[in-house]
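The structure appears right after this line, and notes come after that.
The values are calculated or read from the model by the stated rules, or taken from the named source; none is laboratory data. None of the values given here were measured: they were computed from a predicted structure. Here the Cβ positions follow ideal geometry from the backbone for every residue, glycine too, while neighbour counts run over all protein chains shown. Each accessible area value is taken on the protein alone, full model and side chains, heavy atoms only, with ligands, DNA and RNA left out. Shrake-Rupley method; radii C 1.70, N 1.55, O 1.52, S 1.80 Å.
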Amino acid sequence: MTAAIETFRALHVPGQPLVLYNIWDPGSAKAVAAAGAPALATGSYGVAEAFGAGDGEKLPFAEVIANLKRIVAVVNVPVSLDVESGYGADPAAVRASVAAVGEAGAVGINMEDRLPGQARTLPVAEASARIAAAAASGLFVNARCDLFWQVPFSDALVSETIERAKAYADAGASGLFVPFLTDRAAVAAICAGSPLPVNVTAKDELGTLKEIAALGVARISYGHQPWLWAMQKLKVDAEAIYR
């Protein structure tokens, strides 16, 4: 497992990013792996919706782990799990949950610094304690910074994101995920100031994959978009049959 984690870690190269077309179940995992993906990552929204549950840790953790095991069993590339806020009320519970993720075969996790149902991010010290608990697993911890979630963009948020990146690095995080960001200059500034490799979500506003890579990012994710596109295609095809 240690070798697989290091293989995954080595894929995070600023300017030559790992591109993750997010998956949600064994079928989608097999399809994306067969397309040539060097690694896979789940998106919690797609996983939850595929099970008929809403996002925000509404899907029971046992189901999350069972789905992960099924995914790992059918592919031969590293798999990272979106564990939302860590499935734990406190750092000790987060540590136990993330340890279970590693035991199920994942090489890494995404973990938010905002609790389910909460609009704002946790205080830095509290978020860092949870990240440190997750990092104790030895997995690649992609610390998600949600400062830009439903908040108007500002340069102050860029500076705060960089400060959080430093704190999360000190806590043992392996990467920094900044979703919801569509300002190219801000992405470049965060990449320049972060001690951690930076992950952003693929957005038209940020340009092509090549243009996003040039900003200095080390990882590009698609989040819930692949699940959404697949469901839209399914719906359109079904409507053509049943109308």
**Q.** Count - residues of the range 59-84 that are among the small types (Gly, Ala, Ser) and either on the phi > 0 side of the Ramachandran plot or without any contact (Cβ under 8 Å) to a residue 40 or more places away in the chain (or both)
**A.** 2
Q) Based on what the data block shows, is residue 48 without any contact (Cβ under 8 Å) to a residue 40 or more places away in the chain and either among the β-branched types (Val, Ile, Thr) or closer than 14 Å to residue 106 by Cα (or both)? A) no
Q: Please specify each residue of the range 42-74 satisfying the condition of being part of a loop (DSSP other than H, G, I, E, B) and surrounded by fewer than 23 Cβ atoms within 10 Å (Cβ to Cβ).
A: 51, 52, 53, 54, 55, 56, 57, 58, 59, 60
Q | Single residue of 193, 175 found to be in contact (Cβ under 8 Å) with a residue 60 or more places away in the chain and open to solvent by less than 30 Å² (accessible area, probe 1.4 Å) | A | 175
Q: Please enumerate the residues belonging to the range 9-28 that are open to solvent by 50 Å² or more (accessible area, probe 1.4 Å) and hydroxyl-bearing (Ser, Thr, Tyr).
A: 21
Q: Kindly indicate whether any position in the range 29-41 is open to solvent by less than 30 Å² (accessible area, probe 1.4 Å) and in contact with a His (Cβ under 8 Å, 6 or more places away or on another chain).
A: no
Q) Just for the range 75-126: of the residues that are among the polar types (S, T, N, Q) and not in a loop (DSSP other than H, G, I, E, B), which one is surrounded by the fewest Cβ atoms within 10 Å (Cβ to Cβ)? A) 97
Q.
Exactly one condition in (1) over 17 Å from the mean Cα position of the chain (by Cα); (2) farther than 19 Å from residue 209 by Cβ; (3) in a loop (DSSP other than H, G, I, E, B) is false for residue 36; which is it?
A. (2)
Q: Please work out which residue is nearest to residue 221 (Cα to Cα), limiting yourself to the range 127-165 and to residues that are of a type in the set (D, E, K, R) and crowded, with 20+ Cβ neighbours inside 10 Å.
A: 144
Q) If you go through the range 127-149, how many residues are of a type in the set (A, V, I, L, M), within 25 Å of residue 104 (Cβ to Cβ) and not in a helix (DSSP H, G or I)? A) 4
